[in-house]
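Comments concern the structure below.
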Amino acid sequence: MKQLGKLFLIFTILVSAAMFYINPDANAKQEDQWDKIKERGELRVGLSADYAPYEFEHNVNGKSEYAGIDIELAKKVAKDNNLKLKIVNMQFDSLLGAIKTGKVDLIISGMTPTPERKKEVDFSNSYMTVSQKMIIKKSESDQLKHIDDFANKKIGVQKQTQQEKIAQTEINNAKIQSLTRVPEVIMSLKSGKISGMVIEGPVAEAYLKQNKDLMFADGVKFKEGEKSTAIAAPKDSPKLMGKLNNTIKDVKDKNLIKDYKESAANAMKKDDGNFFSKYGSFFIKGIQNTILISIVGVLLGTVFGAMIALLKLSKFRVLRWLASAYIEFLRGTPLLVQVFLVYFGTTAVLGLNISALICGMIALVINCSAYIAEIIRAGINAVDKGQTEAARSLGLSYGQTMKSVILPQAIKNILPALGNEFVTVIKESSIVSVIGVSEIMFNAQVVQGASFDPFTPLLVAAVLYFILTFTLSRIMYFFEGRLKVSD
Ligand code: ARG
């Protein structure tokens, strides 16, 4: 009980220290972002590449490339200002957070300026306007003609978009289902989980072409039927905003959006061949990264886990408390939250500019180390006390006892559990897809967007994960068998 109280105290102190540190007022009055970008020589543009024809990935000679209207615009902004371009692909609802924490310099993601968003970021002049539409299943077109037909029905939208707003305000008592990515909403619609989806016209057209079971509900007209699209930039950076508006003016003067639309349409068409020749490379890249981050997670996790386990078994109370606090905190919070904390925390709190891949690995290593620490501690504790007593009474020191008597026996308890942890990590590593690490799950989502087929890529991902984990557990059985024999 007393221990619990102290643990709680440590937490409160840690959490309030962190809050204090993150307090944005502390580093207010920053310079114009333009200077930072210029100094870096690289422009980092955040977007959510689930949004053909604005931004999507497609396959060029077995390699994935970004294409779309927004990508062309991003290229032009970079070129006009002699900057290298880096595209940072993430979920639409993470973009505002990314720009506020300095993960990206701009958002060019078909984003509509709204009063709420204007509190967080500044918007350039608009470069396009788009229509707002409702799509439905063809089989339901008789019942769903007018906007009133959607009253009390389930309506799907992409999370934190204007379409969510429209569904809320214009459809009577709609039951809104917000999902993170457009393909997920399309899939809900196809499988009949929702009756309609509010979506922007051009995006809908791209999906309707590949999904013959869907159609526009032509009778549905929204009051907010047209929306404009602009580039979002960090607040109070007039120089940067000036540069953006220069480029947009040029785009308008030369009527470039028309060209951009054309090249986007071409990129959407170009993909021919079967599913695997087109998208196989995405999955191979995904497998490589999944294996890489899982191995790093387990190996480094074991190194740190062993240290934490030793702390937890230490003679000193303080060390034991610290180790417990660490373990309890990491086991008591979702990996998803930890991944976001590392991803945004490294920039917002520590001011570091670390890639998503590294952030994902750090999060996994930290998370694994807590679980592995417990595995190791339990493995050591499971060795009969008598062994220590016997070794010590034979005159061995504590260190010698550990090294030559306890650990060799403990390893037999630890290894199988470590193997299980490895299997778990392979599956759990899919969570780092949320910050844009291109492992299996993330690439499956990319393929969903590129192929306009929401289901097959998920199936392939499931099979791939299964092959990885199944092979691994077979290998483990084999070694466990060997360990038993050596008994
Ligand atoms: N225009 C809409 C909005 O700003 C949706 C944009 C979604 N963009 C995307 N890349 N998924 O709310």
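Bear in mind these aren't lab numbers, they're just calculated from the coordinates by the rules spelled out. For clarity, every value in this text was computed on a predicted model and none was experimentally measured. Cβ atoms come from the backbone with ideal geometry, glycine included; neighbour counts cover every protein chain shown.
Numbers at a glance
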| quantity | calculated |
| --- | --- |
| CD proxy at 222 nm, helix term only [per DSSP H run n ≥ 4: -39500 (n - 2.57); per residue of the chain; nearest 500] | -19000 deg cm²/dmol |
| For the chain: rounded, prolate or oblate by the Cα gyration tensor [a/c cutoff 1.5] | prolate |
| Per-residue ³J(HN,Hα) for the stretch 120-128, Karplus 6.51 cos²θ - 1.76 cosθ + 1.60, θ = phi - 60°, Hz, x for Gly and Pro | 9, 9, 9, 10, 6, 4, 7, 10, 7 |
| Gyration tensor verdict on the stretch 129-220 (Cα atoms; rounded if a/c is under 1.5, prolate if a/b is larger than b/c, oblate otherwise) | rounded |
| Along principal axes, Cα extents of the stretch 321-407, largest first, whole Å | 55, 22, 22 |
| Shape of the stretch 358-487, Cα gyration tensor, a/c cut at 1.5 | prolate |
| Two-site label geometry, residue 151 and residue 313: point separation in nm, points 7 Å out along Cα→Cβ | 7.0 nm |
| Considering only the stretch 103-256, percent of DSSP beta bridges that pair antiparallel, nearest 5 | 70 percent |
| Gain upon complete extension [residue 295, residue 245; 0.36 nm per residue less C-alpha separation] | 13.4 nm |
| Relative contact order of the stretch 313-399, defined on C-alpha pairs under 8 angstrom at six or more residues apart (%) | 30 percent |
| Positive-end residue, the chain charge dipole about Cα centroid, Cβ charges, pick of 373, 329, 395 | 395 |
| Percent antiparallel among DSSP beta bridges (both partners in the chain, rounded to 5) | 60 percent |
| In order through the stretch 144-157: 3J(HN,Hα) via Karplus (6.51 cos²θ - 1.76 cosθ + 1.60), integer Hz, x for Gly, Pro | 10, 9, 10, 4, 5, 5, 8, 4, 6, 9, 7, 10, x, 8 |
| Radius of gyration, Dmax [the stretch 83-197; alpha carbons; angstrom] | 16.3, 53 |
| Distribution of pairwise C-alpha distances over the stretch 229-326, 10 Å bins, in % | 12, 16, 14, 19, 18, 14, 6, 0 |
